[in-house]
Number of protein chains: 2
Amino acid sequence: MYYVFFTGTAGSGKTTAVKEFRDYLLDQEMDVAVVNMDPAVETLPYTPDFDVRDYVDAREVMERFGLGPNSSLIVSIDLLLTKATDIKREVGEIESNYVLVDTPGQVELFAYRDTGRTFSSLLVGDSKSVNVFLMDSFIAREARSYVSLLLLSSSIRFKLGIPQVNVLSKVDLISDKELEKLLAWGEGEDLLDSLGVVDDYSFELVRTLIESLEVPPIPLSSTNREGFDKLYAEIQRILAGGEDFVTEENNSRL
Amino acid sequence: MYYVFFTGTAGSGKTTAVKEFRDYLLDQEMDVAVVNMDPAVETLPYTPDFDVRDYVDAREVMERFGLGPNSSLIVSIDLLLTKATDIKREVGEIESNYVLVDTPGQVELFAYRDTGRTFSSLLVGDSKSVNVFLMDSFIAREARSYVSLLLLSSSIRFKLGIPQVNVLSKVDLISDKELEKLLAWGEGEDLLDSLGVVDDYSFELVRTLIESLEVPPIPLSSTNREGFDKLYAEIQRILAGGEDFVTEENNSRL
């Protein structure tokens, strides 16, 4: 069983991408299930095979504990851990080849609180997993924001410690010319020029960041399925090839 | 007038740091005001000179529009822009030398949505500003999380485009030995070793990230005011010295 997490900032299109990627896999007669891990999502465009809201629902948490919207989100995520054994058992009954995991709306709650990572590790167990990080292409059109999202992506890769694929989501919302620019940046072209004037430290950081991109962000549209073949191939490459964030061959360097 | 923003992930101690830093400045007979920019905060330990909740309150937004906790946070932040002119005028009446700005609980809502940045630029106008980024030292104790938070810090620096000071918040919660380790990492010592085995790309990225730290994260405790002198000195250095994220002298390099 392979777990494919979908992460990204609020509004980057995780839930829609999960739905469309599931449909894409089903169309190819693949065996796929979907897990919703967001206790605060209001409506889902798909019927999840497992829904974390059956255990913890942010709206209920808010009412029951008299919390405000912000606290209720944090408490809901933390409450998940107390239900982890039951959730693990129920998810364990899923027998699909691929399990797509839709994560909480705000990536911060999932990635930077220990609960999110602990919960995911528990869920995945010994199975292989990959994290699809969605960079909203509408936001990424600006060079500074593009770099900012790449840095956020690296930050999350370090925090979660699993292999990661970057995608540029919602490319149907930007012009061909803007897309061309984003693709060039992904190949390491023109990004430093587009940034304008930055200090020495930032200059070096961006240069290394670009060099560290083994695979450029994949342009993706959940509207017309642009990039889905490429995303699937990349996920396959990582899962099948045994690529890991931690590699033994580097051991000698450190 | 100088604006000092306090940002950091949910639970990193922004609000408490704002309160204590205000009191610290007041004790030294400085002229300081506090602005609360979080529409979703439930209680504040200080009385703000300006409170954004007078214009937009996340709990009210939730009830009025029938939204869930997650949507109400996003909508509240976006609604701020519609009130920007009035807010700007009211904040403009503050005549303190320093204005400390307490930002939304989740840094993502402030930094990665255009509203947050647009709103802050509008607020600051031509004045100088600096962003104090809080790295929760309890989370940063683990090498991978430390790197992850530094990357997040860089991400936010690029996104906001203003000079930034990193602090290790809540150091009273960690042991002396842990603090010693964090300080060594900030000086570029032992971090790569502590990370264990990582791939080549990550290795280079971390090395550059460490080198790009002009000033190591300042250990801070809002409980015993450890690090407050140092933080104040660093803010002064940046604001008075005219250091800017964008420097003219680099122009020729690009």
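Here A:Val91 meets each of (1) open to solvent by less than 20 Å² (accessible area, probe 1.4 Å); (2) touching an Asp or Glu at 6+ places or on another chain (Cβ under 6 Å) with one exception, condition (2). Taken over the stretch B:180-200, residues that are surrounded by fewer than 19 Cβ atoms within 10 Å (Cβ to Cβ) and under 18 Å from B:Leu231 (Cα atoms) amount to 2. Of the listed requirements (1) in contact (Cβ under 8 Å) with a residue 40 or more places away in the chain; (2) assigned to a loop (DSSP other than H, G, I, E, B); (3) open to solvent by less than 10 Å² (accessible area, probe 1.4 Å); (4) more than 20 Å from A:Phe133 (Cβ to Cβ), A:Leu80 misses just one: (2).
In the stretch B:138-174, which residue that is aromatic (Phe, Trp, Tyr) and at pLDDT below 95 is farthest from B:Thr208 (Cα to Cα)?
Step one: filter the stretch B:138-174 for residues aromatic (Phe, Trp, Tyr), giving B:138, B:146, B:158.
Next cut, at pLDDT below 95 only: B:138, B:158.
On the way: B:Phe138: 24, B:Phe158: 16 Å.
Residue satisfying both the conditions and the ranking: B:Phe138.
For A:Ser148, indicate whether it is in a helix (DSSP H, G or I), within 14 Å of chain B (Cβ to nearest Cβ) and more than 19 Å from A:Glu234 (Cα to Cα). Criteria met by A:Ser148. Close contacts from the stretch B:226-240, counting a first residue that is closer than 14 Å to B:Lys128 by Cβ and a second that is basic (Lys, Arg) and not in a helix (DSSP H, G or I), with Cβ to Cβ under 7 Å and a gap of 6+ residues or different chains, come to B:Leu239/B:Lys128. The test for being open to solvent by less than 70 Å² (accessible area, probe 1.4 Å), out of contact with any helix residue (DSSP H, G or I) (no Cβ under 9 Å at 6 or more places or on another chain) and modelled with pLDDT under 90 holds for A:Gly242.
Looking only at the stretch A:44-65, how many residues end up being facing chain B (nearest Cβ under 10 Å) and either part of a loop (DSSP other than H, G, I, E, B) or more than 29 Å from A:Ala33 (Cα to Cα) (or both)?
The qualifying residues number 2.
Considering the stretch A:120-154, and only residues there that are without any contact (Cβ under 8 Å) to a residue 24 or more places away in the chain and among the acidic types (Asp, Glu), the residue that is most open to solvent (accessible area, probe 1.4 Å) turns out to be A:Asp126.
Residue count for the stretch A:30-43, restricted to those that are in contact with an Asp or Glu (Cβ under 8 Å, 6 or more places away or on another chain) and without any contact (Cβ under 8 Å) to a residue 60 or more places away in the chain: 0.
So for the stretch B:76-96 (the condition being away from chain A (no Cβ under 14 Å) and closer than 25 Å to B:Arg225 by Cα), does at least one residue qualify? So far as the stretch B:76-96 goes, yes, one or more of its residues are away from chain A (no Cβ under 14 Å) and closer than 25 Å to B:Arg225 by Cα. Screening A:Ser72 against (1) part of a helix (DSSP H, G or I); (2) open to solvent by 50 Å² or more (accessible area, probe 1.4 Å) leaves a single unmet condition, (2). Scanning the stretch A:30-64 for residues that are surrounded by fewer than 13 Cβ atoms within 10 Å (Cβ to Cβ) and more than 21 Å from the chain's Cα centre (by Cα) turns up A:Glu63, A:Arg64.
Tally up the residues in the stretch B:12-29 that are touching a residue at least 40 places away in the same chain (Cβ under 8 Å) and either of a type in the set (Lys, Arg) or open to solvent by less than 50 Å² (accessible area, probe 1.4 Å) (or both), please.
Initial filter on the stretch B:12-29 (touching a residue at least 40 places away in the same chain (Cβ under 8 Å)): B:12-22, B:24-25.
Subsequent filtering for residues that are either of a type in the set (Lys, Arg) or open to solvent by less than 50 Å² (accessible area, probe 1.4 Å) (or both) retains B:12-15, B:17-22, B:24-25.
Count: 12.
Of all the criteria given as (1) open to solvent by 10 Å² or more (accessible area, probe 1.4 Å); (2) closer than 20 Å to B:Lys230 by Cβ, the one not satisfied by B:Leu160 is (2).
Identify the residue in the stretch B:201-217 that is open to solvent by 30 Å² or more (accessible area, probe 1.4 Å) and not basic (Lys, Arg) and, among all such residues, is farthest from the other protein chains (Cβ to nearest Cβ). Walk me through it before giving the result.
First pass over the stretch B:201-217, keeping only residues open to solvent by 30 Å² or more (accessible area, probe 1.4 Å): B:201, B:204, B:207, B:211, B:213-216.
Within this subset, residues satisfying the condition of being not basic (Lys, Arg) are B:201, B:204, B:211, B:213-216.
Working: B:Tyr201: 4, B:Glu204: 6, B:Glu211: 7, B:Leu213: 8, B:Glu214: 6, B:Val215: 11, B:Pro216: 13 Å.
Per the stated criteria, the residue is B:Pro216.
Within the stretch A:156-200, how many residues turn out to be without any contact (Cβ under 8 Å) to a residue 12 or more places away in the chain, within 14 Å of chain B (Cβ to nearest Cβ) and either closer than 30 Å to A:Leu123 by Cα or part of a helix (DSSP H, G or I) (or both)? Within the stretch A:156-200, residues that are without any contact (Cβ under 8 Å) to a residue 12 or more places away in the chain, within 14 Å of chain B (Cβ to nearest Cβ) and either closer than 30 Å to A:Leu123 by Cα or part of a helix (DSSP H, G or I) (or both) number 3.
From the list B:Thr208, B:Thr223, pick out the single residue that is polar (S, T, N, Q) and free of Cβ contacts under 8 Å to residues at least 24 places away in the same chain.
On the way: B:Thr223 fails: free of Cβ contacts under 8 Å to residues at least 24 places away in the same chain.
Sole residue among the options that is polar (S, T, N, Q) and free of Cβ contacts under 8 Å to residues at least 24 places away in the same chain: B:Thr208.
Taken over the stretch A:202-218, the criterion of being under 19 Å from the mean Cα position of the chain (by Cα) and either in a loop (DSSP other than H, G, I, E, B) or more than 18 Å from A:Thr7 (Cβ to Cβ) (or both) is satisfied by A:Leu209, A:Ser212, A:Leu213, A:Glu214, A:Val215, A:Pro216, A:Pro217.
The values are calculated or read from the model by the stated rules, or taken from the named source; none is laboratory data. Computed from a prediction, not measured in an experiment: that's the story for all the values here. With ideal geometry, Cβ positions are generated from the backbone for all residues, glycine too; neighbour counts draw on all protein chains shown. In case anyone asks, the SASA skips ligands and DNA or RNA and just uses the protein heavy atoms, side chains included. Shrake-Rupley method; radii C 1.70, N 1.55, O 1.52, S 1.80 Å.
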